[in-house]
Amino acid sequence: MLALTILKDESMTKNSRVIYRLPKIIKAHEARVRKETGNPTYRLTNLALEAATGIHRNLLSGYRNHQPIRVDLNVLAKLCDFFGVTPGDILQLVPVVPGDNQED
């Protein structure tokens with residue numbers, strides 16, 4: 001199993017930080033499907049995402065609801081394939097700007 005660890009070491013986070021965008025990607029996917037299908041209540045469930053990707057729904061819950069500290073590269077690849085995005089769309093390394101509120 002390949003894994004990418006996002007370290008919370010102070011020396012590594014002084015000049016940059018990781019923005020985690022999977023929740024926004026999921027919301028955009030849901031909005032697109034609602035528009036395409038005309039179903040205003042569509043929601044991508046963890047069960048449906050598990051069936052489509054093979055990623056266990058408990059693991060998906062953690063990825064979906066919390067910014068992970070460690071990212072399994074195989075899981076990242078499956079999520080990228082499903083949503084039609086790249087790893088850089090889900091995880092983005094950005095410089096820290098003094099006075100920035102650090103919200104994406």
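On average, how much area does the Cα convex hull of region 3-95 cover when viewed from any direction, in nm²?
Working: hull surface 25.5 nm².
Averaging across all directions leaves 6.4 nm² for the Cα convex hull.
Skipping prolines and chain starts, which residues have an amide H placed within reach, meaning under 5 Å, of the one on ARG17, given they are 5 or more residues away or on another chain?
VAL94, VAL96
For region 68-75, just list the computed ³J(HN,Hα) in residue order, Karplus coefficients 6.51, -1.76 and 1.60, θ = phi - 60°, integers in Hz, with x standing in for Gly and Pro.
Calculated HN-Hα couplings, in order: x, 8, 10, 10, 6, 5, 5, 5 Hz.
Could you compute the net charge surrounding ARG34? Neighbours are other residues with a C-beta less than 12 Å from the C-beta of ARG34; K and R count +1, D and E count -1. Let's see the in-between values first.
Details: positive: LYS27, ARG32, LYS35, ARG43; negative: GLU30, GLU36.
Charge balance near ARG34 sits at +2.
Below 8 Å, C-alpha to C-alpha, sequence gap of six or more: please give me the relative contact order for region 3-95 in percent. Working shown, then result.
Numbers: 82 pairs, mean separation 46.5, N = 93.
Once divided by the residue count of region 3-95, the mean separation gives 50 percent.
Counting other beta carbons within 10 Å of each Cβ, put LYS35, LYS78 in order, fewest first. Don't skip to the answer; put the middle values down first.
Details: LYS35 11, LYS78 17.
If I rank by nearby Cβ atoms, fewest first, I get LYS35, LYS78.
Every number here is computed from the coordinates shown, using simple stated rules; none is lab data. Small disclaimer: the values here were computed from a predicted structure and weren't measured. Methodologically, a virtual Cβ is constructed for each residue, glycine included, from the backbone with ideal geometry; neighbour enumeration extends over all protein chains shown.
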